[in-house]
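Nothing in this text is a laboratory measurement; each read-out follows from the coordinates by a stated rule. For clarity, every value in this text was computed on a predicted model and none was experimentally measured. All Cβ positions, even for glycine, are placed from backbone atoms using ideal geometry, and neighbour counts span all protein chains on display.
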Amino acid sequence: MNVEEKYKAAKQEYEKWGIDVDDILEKLKKIKISINCWQGDDITGFEVNPRKLSGGIAATGNYPGKARNPEELRKDLSEAMNLIPGKHKVNLHAIYAETGGKFVDRDEIKPEYFENWVSWAKKNGLGLDFNPTIFSHEKADDGLTLSHPNKEIRDFWIRHCIISRKIGEYFGKELGQTCLTNIWIPDGYKDIPSDRLGPRRRLKDSLEKIFQVKTDKRYNLDSVESKVFGIGAESYTVGSSEFYLNFAAKNDVLCLMDTGHYHPTEKVSDKISSMLLFYDKIALHVSRPVHWDSDHVIVFDDELKEIAKEIVRDNALDRVIIGLDFFDASINRIAAWVIGTRNMIKALLYAMLLPNGKLKKLQDEENYTDRLALMEEFKTYPFGAIWDYYCKINDVPIKESWLDEIKRYEKEELAKRE
């Protein structure tokens, strides 16, 4: 059978449960994944005076063909987008500004330095998200930024965050798609602190000053992101989960959960339903931690499927902002984007094709036997045939055939880069 015939046969199996497959595919088309630009250049950015990675961040591997300038990065992103179904967003960091060869420190960046990104996004029908880059800088070398005891250093990063939010607002106005501007800091201590309250008090004060400057929520939404620990901050992290949960709730900003930023026994999938009870919207950075926050390329594993199930079952497709956060320099960087993003979309489709209403009813009836049986049987329903058809109607390669295009691009483009 060809793709269409397999789709029709699979569709009939799902329709027995009242699942409208055609309607699901239409809904899936409208979901935008925010694809992390930093996978393409190992988070180095394009500042005139480039700095080494710091803040507990490291990209391992030396696969050839890394993007060396904004033009190459946009070209690589375009190549990846051609292999991913749907129209999505690109998530930028401040270090991807284009300043025309002039050194501009981070507290002086301007929206005009991102005009090329906006023009490219318009041309390709994409949205943009944004992040201040509060690491890999001499004013972050001691591992402290917005919580630093030195007021001058805190003020530098406050200015950087304020202008970053204005850049996010500019993106939203220009592209007609609301930008999410997310703040993450590496602040913490390697060894046991003698004062836990002081740094958090300073961070709270810094954030309050940042958000005193208002942006239009039609164009820019703000989020804050916690972390459990980092390299060089193993004993204490200023921006803990408890800190940001409370700050976000009190200050009307979004709380962003990164799947690698919790204790290994914690699962973000279990947190989503609780968060949705208290926040209108929440944001995610979907990554794959291996033993720790290692930012591996996401795979179609149980936790990714559980995250997607929670979003779908809670009718929260319009309330959860999904971004990706991984970087692997040991494999083809464009392939990493394609694998990770396609897996995120696959997980959402998988969740949408479950008889979620029936499963909820069985739980309320305390019919746990039927619930478990159905959950297990649906694992082998012909989901793959639906996914292949979705790729076909979105004019992207089916199954692993996209690898042929990656190999062509690697030979004709990446191999020529030093």
Full-stretch length increase - Phe103, Leu197 - with 0.36 nm per residue and alpha-carbon distance subtracted: 30.2 nm
Put in order of increasing Cβ neighbours within 10 Å, starting from the fewest, Thr178, Thr60 give Thr60, Thr178
What is the packing order of peptides 218-230, 85-97, taking the mean over residues of other C-beta atoms within 10 Å and listing the highest first? 85-97, 218-230
Calculated P(r) tail over 25 Å for the range 135-239, as whole % of Cα pairs: 24
Select from Ile339, Val3, Met81 the residue farthest towards the positive end of the dipole of the chain; place +1 on Cβ of Lys and Arg, -1 on Cβ of Asp and Glu, and compute about the Cα centre. Met81
Amide H to amide H, which residues 5 or more places from His296 or on other chains are under 5 Å from it, using H placed in the peptide plane? Arg288, Val290
Hey, what's the per residue convex hull volume over the C-alpha atoms of the range 60-127, in cubic angstrom? 124
Past 32 Å, Cα to Cα: identify those pairs from Lys16/Lys392; Lys281/Lys407; Lys217/Lys392, in the order given. Lys281/Lys407; Lys217/Lys392
For the range 6-45, what size does the Cα cloud have along each of its three principal axes, sorted from largest down, in whole Å? 51, 19, 13
Peptide ranges 33-41, 345-353, 75-83 listed from the most packed, as the mean C-beta count within 10 angstrom indicates: 33-41, 345-353, 75-83
Segment Asp270-Lys151, extension gain: residue separation times 0.36 nm, minus the distance between their alpha carbons: 39.0 nm
Identify, among Ile210, Ile43, Ile321, the residue whose Cα sits farthest towards the positive end of the charge dipole of the chain, taking +1 on the Cβ of Lys and Arg and -1 on the Cβ of Asp and Glu, with the dipole about the Cα centre. Ile210
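What is the order of Thr99, Thr237, fewest Cβ neighbours within 10 Å to most?
Arranged by neighbour count, lowest to highest, Thr99, Thr237 become Thr99, Thr237.
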Starting from the 7 Å offset along Cα-to-Cβ, what nm value, one decimal, do you get for the label separation of Lys379 and Lys407? 3.3
Need one number: the % of Cα-Cα pairs in the range 94-140 sitting beyond the 13 Å mark. 61
Taking the dipole about the Cα centre of the chain, with the C-beta of Lys and Arg at +1 and of Asp and Glu at -1, give me whichever of Leu53, Ile398, Leu146 is farthest to the positive side. Leu146
Would you mind checking which residues have amide H under 5 Å from Gly188's amide H? H placed 1.01 Å from N; only 5 or more apart, or other chain. Val238
Considering only DSSP beta bridges where both residues belong to the chain, give the percentage that are antiparallel (nearest 5). 15
Pairs beyond 22 Å (Cα-Cα), from Lys122/Lys346; Lys27/Lys75; Lys30/Lys305; Lys29/Lys358; Lys66/Lys346; Lys29/Lys89: Lys122/Lys346; Lys27/Lys75; Lys29/Lys358; Lys66/Lys346
Length-normalised contact order of the range 259-386 in % [C-alpha pairs under 8 Å, at least 6 apart]: 24
Would you please state the base-10 log of I(q)/I(0) at q = 0.08, 0.10 1/Å for the chain, with intensities from the Debye formula using one equal scatterer on every alpha carbon? -0.44, -0.70
Treating only the Cβ atoms of Lys and Arg (+1) and Asp and Glu (-1) as charged, compute the dipole magnitude of the range 283-363 about its Cα centre; round to the nearest 20 debye. 500
